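Have a look at the structure below, then the notes.
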Amino acid sequence: MFISKRKHEPAHYMLKIESFSILSEAKTSKIESDVFEANGYKWRLDLYPNGNDEENGAGHISLYVVICDTETCSKGWEISVDVCFFVYDHIHHNYVTFQDVNGHRTRFHEKKMTWGFDKLIPLESFVESKNGYLLNDSCVFGVEVIAVPEFTQVDRCLLMTRPPAIMNTYTWTINKFSTVTEDVLYSEVFKVGKVKWKLKIYPKGYGLCIGTHLSFFLGVHDTASFPDGWKVYAKFKLRLKKHGLKSDIEEETDNWFCNSADDWGFSGFILLSELNDSENGFLLNDNLTVEAEISVMGTLRYFF
């Protein structure tokens, strides 16, 4: 299972569950969602809040997508899809995504109507408040089902690198920060490895963090020039510099950047009240300095 994160909600279906503890304590074996459409077919989500015992999934969240109403399909029907499951992270305001570890397409047919994960998330981890899956006993699941045309295999090579320490950090100073009126600020373009990047700052916050936090993201630049299906992996730190002898504030994360998620970072990077407190040393002469440090990169290239 390949686990990643992204800001954007699933394209095809979301299921919000309120009072999850009641559902779990009631020992409900399976929850079937209503039917939704994707790629000209009808689907539903099957959720096992205490795990699918028949598939050794006890003690876990088990989640599957099921193709429905196949009676109207032609004899011998078959469809290949890429399936991605989602669980919302209420702390970081993003979605944790779950896909097949090898990136293999899933082939549905008359003898295979269901596909998913018997052990998506351990229940112990799911209910742990610090993981963000549950907020006020509510949670959100989702799914995308993307059709894959037949006979379109493309071989790729994944190249992982560690950029040299003297070339992997970009520093950006924003002058007269208190006078900024724009909703979002962009840094100059900088290059690490063979990829061009830019930083994005929301001085008054982004999304659910508007008015409370500064939001801080790293993004890939000029994605229009990339080949179809491009992907770039990065493990990186976003850093807010403190002046004097005080320690900087930094957050580390990693992400696969692609067309649908070309930036990544933190909506709630720092409270505005903490940022603007002069005793904390973030603003010197009304100048704010931030950094991005990319420690590991990976690029998917065509393999010939």
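The values are calculated or read from the model by the stated rules, or taken from the named source; none is laboratory data. The shown structure was predicted, so the numbers you read here are calculated from the model rather than taken from an experiment. Neighbour counts are summed over all protein chains in view; Cβ atoms, including those assigned to glycine, are modelled from backbone coordinates with ideal geometry.
For region 161-189, a tally of residues being touching a residue at least 60 places away in the same chain (Cβ under 8 Å) and either surrounded by fewer than 15 Cβ atoms within 10 Å (Cβ to Cβ) or in a strand (DSSP E or B) (or both) returns 12. Filtered by the rule that a residue be of a type in the set (Phe, Trp, Tyr) and under 17 Å from LYS231 (Cα atoms), region 260-304 gives TRP264, TYR302, PHE303.
Here is a yes/no grid of residues against (1) closer than 29 Å to PRO163 by Cβ; (2) hydrophobic (A, V, I, L, M, F, W, C):
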site	(1), (2)
LYS241	yes, no
GLU251	yes, no
TRP256	yes, yes
PHE269	yes, yes
SER273	no, no
PHE282	yes, yes
LEU288	yes, yes
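The residues listed here are SER29, SER62, SER4; of these, the one that is outside any helix (DSSP H, G or I) and free of Cβ contacts under 8 Å to residues at least 40 places away in the same chain is SER29. Taking the conditions (1) crowded, with 17+ Cβ neighbours inside 10 Å; (2) within 20 Å of PHE269 (Cβ to Cβ) in turn, VAL232 satisfies each one other than (2).
Checked against the criteria, PHE141 counts as under 30 Å from GLU18 (Cβ atoms), not assigned by TED's automatic domain parsing to the domain that holds VAL232 and not β-branched (Val, Ile, Thr). Check region 175-192 and report whether any residue there is among the small types (Gly, Ala, Ser) and on the phi > 0 side of the Ramachandran plot. The answer is no; no qualifying residue exists. Number of residues in region 27-77 that are on the phi > 0 side of the Ramachandran plot and polar (S, T, N, Q) equals 2.
Taking the criterion of being at pLDDT below 90 and outside any loop (DSSP other than H, G, I, E, B), would at least one residue in region 112-119 satisfy it? Yes, because at least one residue in region 112-119 is at pLDDT below 90 and outside any loop (DSSP other than H, G, I, E, B).
Do we find a residue being assigned to a loop (DSSP other than H, G, I, E, B) and within 16 Å of ASP137 (Cβ to Cβ) anywhere in region 35-46? Checked against the condition, which is being assigned to a loop (DSSP other than H, G, I, E, B) and within 16 Å of ASP137 (Cβ to Cβ), region 35-46 yields no hits at all.
Every condition in (1) of a type in the set (Lys, Arg); (2) closer than 21 Å to HIS109 by Cα; (3) in contact (Cβ under 8 Å) with a residue 40 or more places away in the chain is met by LYS16 except one, and the failing one is (2).
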